[in-house]
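To start, the structure under review is shown below, and the notes come after it.
The values are calculated or read from the model by the stated rules, or taken from the named source; none is laboratory data. Computed from a prediction, not measured in an experiment: that's the story for all the values here. For neighbour counting, all protein chains shown are included, and Cβ atoms are generated from backbone atoms with ideal geometry for every residue, glycine included. Quick note on the areas: whole protein, heavy atoms, side chains included, nothing else; ligands and nucleic acids left out. Shrake-Rupley method; radii C 1.70, N 1.55, O 1.52, S 1.80 Å.
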Amino acid sequence: SDGEFLGIVGPNAGGKSTLLKLILGLLQPQSGSLRVLGRQACAASQKLGYVPQHPSFSRDFPISVEQVVQLGRLGMTQQGAGWRSLWPGRSSQADRDAVQKALNEVEAGNLAKRQIGSLSGGQLQRVLLARALVGEPRILILDEPTANIDQRLEGEIFDLLQMLNARMTILVVSHDVAFISRYVGRVACINRTLVCHNTDAIDGAVIQELYGEHVRMIAHSH
């Protein structure tokens with residue numbers, strides 16, 4: 001629903017990535033239909049911001065942080081044809097202002113001129129988030145956004161997402177059920193089928209049914 005912060009959990013091969021691709025309009029359902037923001041998923045793609053688990057470009061590619069973020073201004077269906085607008089002098093002032101605003105919002109404004117290959121894992125994750133935000137999405141979708149960063153940075157990223165949730169709907173895939181339950185309003189459990197639970201309804205029985213084995217809930221302390 002509009003303005004929700006939804007966690008998506010489930011075992012490997014349970015369907016989480018497929019669900020994201022359907023929402024993003026990258027796959028078509030074999031049966032039935034999927035509507036996003038009241039429209040067919042592919043028609044709503046420019047209202048979505050997406051943060052992948054892994055960047056879709058090589059870390060060795062000679063591109064700056066601000067150029068990476070500016071990719072989010074091209075529209076998800078235009079990225080392959082829009083590289084020429086990233087060359088110096090081709091972007092508009094509005095584009096440059098939007099890029100700097102997005103980087104500032106994720107507390108990465110000082111990274112704009114850095115080469116993408118020089119960033120740490122946490123810095124790169126903030127840059128990918130800025131790329132998703134620069135297009136002013138109504139829905140922000142993140143696939144395991146903290147899989148490759150440490151626990152302290154994980155908390156910082158989710159604190160930032162909690163603030164962003166004041167103006168947009170957020171869907172986040174994660175394996176860390178206990179951690180995300182501190183932030184999300186509901187949890188969507190996916191293992192070939194999808195069942196949503198309020199966070200206070202997530203217990204050992206639900207987790208065992210979802211993953212098919214005993215899973216210990218480990219408290220995080222900072």
Sequence order, segment 64-70: Karplus ³J(HN,Hα) from phi using 6.51 cos²θ - 1.76 cosθ + 1.60, θ = phi - 60°, Hz rounded, Gly and Pro as x, gives 8, 4, 5, 5, 4, 5, 5
Pseudo-spin-label distance Leu26 to Lys101, built 7 Å along Cα→Cβ, given in nm, is 2.7
Long-range amide H partners of Cys196, meaning residues 5 or more apart or on another chain whose placed amide H is closer than 5 Å, are Cys189
Given backbone amide H placed at 1.01 Å from N, residues whose amide H is under 5 Å from that of Ile170, ignoring those fewer than 5 places away on the same chain, are Glu4, Phe5, Leu6, Leu140
Karplus-derived 3J(HN,Hα) from phi for segment 152-167 (6.51 cos²θ - 1.76 cosθ + 1.60, θ = phi - 60°), whole Hz, x at Gly and Pro, runs 5, 5, 4, x, 5, 5, 6, 4, 5, 4, 4, 5, 5, 4, 5, 10
Expected unfolding gain across Phe57-Ser120 under the 0.36 nm per residue rule, minus the alpha-carbon gap, is 21.1 nm
Highest mean packing first, using Cβ neighbours within 10 angstrom, the peptides 166-175, 65-74 sort as 65-74, 166-175
Full extension between Leu37 and His175 adds, at 0.36 nm per residue less the Cα distance, a length in nm of 47.0 nm
Counting only residues 5 or more apart in sequence or on a different chain, those whose built amide H sits under 5 Å from that of Asp143 are Val51, Gln53, Val173
Taking only protein heavy atoms and a 1.4 Å probe, the highest-to-lowest accessible-area order of Glu4, Glu156 is Glu156, Glu4
From the Cα centre of segment 104-165 to that of segment 1-58, the distance in Å is 19
HN-Hα couplings for segment 122-131 via Karplus (6.51, -1.76, 1.60; θ = phi - 60°), in whole Hz with x for Gly/Pro, come out as x, 5, 4, 5, 5, 5, 5, 5, 4, 4
A student applying the Cα gyration tensor rule (rounded when a/c is under 1.5; otherwise prolate if a/b is larger than b/c, oblate if not) would label segment 93-185 oblate
Scoring only Lys, Arg, Asp and Glu (+1, +1, -1, -1) among other residues with Cβ under 14 Å from the Cβ of Glu156 yields -2
